[in-house]
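Colleague: The structure that follows is given in the form of structure tokens.
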Amino acid sequence: MLAKRIIPCLDIKDGTTVKGTNFVGLREAGDPIELGKLYSQQGADELVYLDITASHEGRKTFTQLVTRIAEEINIPFTVGGGINELQDVDRLLNAGADKISINSAAIRHPELINDIANHFGSQVCVVAIDAKQTANGWKCFLNGGRLETERDLFQWAREANDRGAGEILFTSMDHDGVKQGYANEALSRLSAELSIPVIASGGAGVKEHFRDAFTVGHADAALAASVFHFGEIPIPELKKYLAQYVQIRL
Amino acid sequence: MQVSIVKYNAGNIRSVDNALRRLGAEPIITDDPTVLRNSDRVIFPGQGEAESTMQYLHEHKLDEIIKGLTQPVLGICIGMQLLCRHSEEGNTDCLGIFDADVRRFRPTEHNQKVPQMGWNTINDTKSKLFEGFSKPEFVYFVHSFYVPLCEATIATTDYIQPYSAALHKDNFFATQFHPEKSGSVGEQILKNFLL
């Protein structure tokens, strides 16, 4: 049986790992390659590296980092941040990334999803969605959560699915960084409405939150950052706990 | 020992190169017939689509070269599917090493998503590739098409139905999963192939 996946996410700025709370206020959390290796040894099923530097110089540094990650890490990893066109995808896949994640650019130019799927295959294309519950339902946000759009979360996720996305990475901005659990109701609806895997993101604080993302939210994978970076939840302990409830790779 | 990786229009070739280098090998990525024929081991990796990759192999005469190899060859993912007789993907005639036809996953329940993406176990293993494992180990899969169980099956995985996770016939080995991305288990499988 296919296992549920645990995915540590590393936000990268100027070559080091950082993690924000509610997308503001950054704290350093270590060397990205050492951290990635450690997670891999501890049983992480995949890794996500997000480039949160926007400058041209920063992008070059990140591509070099991706090359080194690919040389040293023996599990799949996804990279994201600042991907705007097919050329960016090509550059990062060439550097050795297994998948790329697109967010704002996909909402601005949805046909980018079709292009990536056609050129490189759906399996490399993760569409990340930052969304927040508003008076008018779940709305998608751009630019790291700074800009609200008219797009409805569920409609957009369906469209991304139909355009050829391989996975949806859904971050609930209300839940992110506050450690009160994932947005399980929205997750469950996404999982029911989509034909591709859904990765839960935002809200993990204790082991039970991961369990609920799988058993209540029906997510295929759960992503988290600070609970791993600061050693609050060791991955081996988490996976042993989860194996009581769902299929887990131990 | 000289290890060559077949260079063609598929993705993911670099990952295999990196994985072999982590094991201390110094692989050559090449489409040169002489280099391929003279290597001790040949790896035919990749991620891609059957029709366009077969067409590329044919145009570059790599199809005949691969079929004629006599040293141990390891096909990975699309590499394994291309070593079969035919693929439902693009209704493509393939290399025909393995007497099996590649089919598309047809989900019977909603939670069976296609592609299968993630870690699944390999069972009923019977090959030197899997030496050193005492339980069904998890390996990493990403695929929408599969090879049914057949005479050449040396490992099975269950997703929607049981299918071939690995094949072996004469000097040809193949895995549907990605050993280069399957952590320490995958490293052991690659080591076993190089032995």
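Colleague: What number of residues within the stretch B:42-72 satisfy the criterion of being among the hydroxyl-bearing types (S, T, Y) and closer than 15 Å to B:H86 by Cβ?
Modeller: The number of residues fulfilling the criteria is 1.
Colleague: Scan A:A157, A:A135, A:A105, A:A131 and give me the residue that is over 26 Å from B:F141 (Cα atoms), of a type in the set (G, A, S) and buried (at least 23 other Cβ atoms within 10 Å of the Cβ).
Modeller: On inspection, the qualifying residue turns out to be A:A131.
Colleague: Follow-up. At least 2 residues that are closer than 24 Å to A:G30 by Cα and within 14 Å of chain B (Cβ to nearest Cβ) in each: list the helices (runs of 4 or more DSSP H) lying fully within the stretch A:139-243 that qualify.
Modeller: A:235-242
Colleague: Can you pull out every residue in the stretch A:204-225 that is under 23 Å from A:P32 (Cβ atoms), in contact (Cβ under 8 Å) with a residue 40 or more places away in the chain and among the aliphatic types (A, V, I, L, M)?
Modeller: Passing the criteria: A:A221, A:A222, A:L223, A:A224, A:A225.
Colleague: Out of A:N84, A:N114, A:N94, A:N118, report the one residue that is more than 14 Å from chain B (Cβ to nearest Cβ), at pLDDT below 95 and over 16 Å from the mean Cα position of the chain (by Cα).
Modeller: That would be A:N84, the only listed residue that is more than 14 Å from chain B (Cβ to nearest Cβ), at pLDDT below 95 and over 16 Å from the mean Cα position of the chain (by Cα).
Colleague: Answer yes if at least one residue in the stretch B:148-165 is more than 10 Å from chain A (Cβ to nearest Cβ) and of a type in the set (F, W, Y), and no otherwise.
Modeller: Yes, the stretch B:148-165 contains at least one residue that is more than 10 Å from chain A (Cβ to nearest Cβ) and of a type in the set (F, W, Y).
Colleague: Being in contact with a Phe, Trp or Tyr (Cβ under 9 Å, 6 or more places away or on another chain) and crowded, with 22+ Cβ neighbours inside 10 Å is the requirement here; does A:V79 meet it?
Modeller: Yes: the conditions hold for A:V79.
Colleague: Moving on. When you look at B:F141, is it among the aromatic types (F, W, Y) and outside any loop (DSSP other than H, G, I, E, B), yes or no?
Modeller: Criteria met by B:F141.
Colleague: Among the residues of the stretch B:80-103, which ones are within 14 Å of chain A (Cβ to nearest Cβ) and modelled with pLDDT of 95 or more?
Modeller: B:Q81
Colleague: In addition: (1) at negative phi; (2) surrounded by 23 or more Cβ atoms within 10 Å (Cβ to Cβ): which one isn't true of B:C77, the others all being true?
Modeller: Of everything listed in (1) at negative phi; (2) surrounded by 23 or more Cβ atoms within 10 Å (Cβ to Cβ), B:C77 misses just condition (1).
Colleague: If I go through the stretch B:166-189 residue by residue, how many of them are assigned to a helix (DSSP H, G or I), out of contact with any helix residue (DSSP H, G or I) (no Cβ under 6 Å at 6 or more places or on another chain) and either within 8 Å of another protein chain (Cβ to nearest Cβ) or of a type in the set (D, E) (or both)?
Modeller: Number satisfying all stated conditions: 4.
The values are calculated or read from the model by the stated rules, or taken from the named source; none is laboratory data. Everything numeric here is computed off the predicted structure, so don't read it as measured data. So basically every Cβ, Gly included, is an ideal-geometry build from the backbone, and we count neighbours across all protein chains shown.
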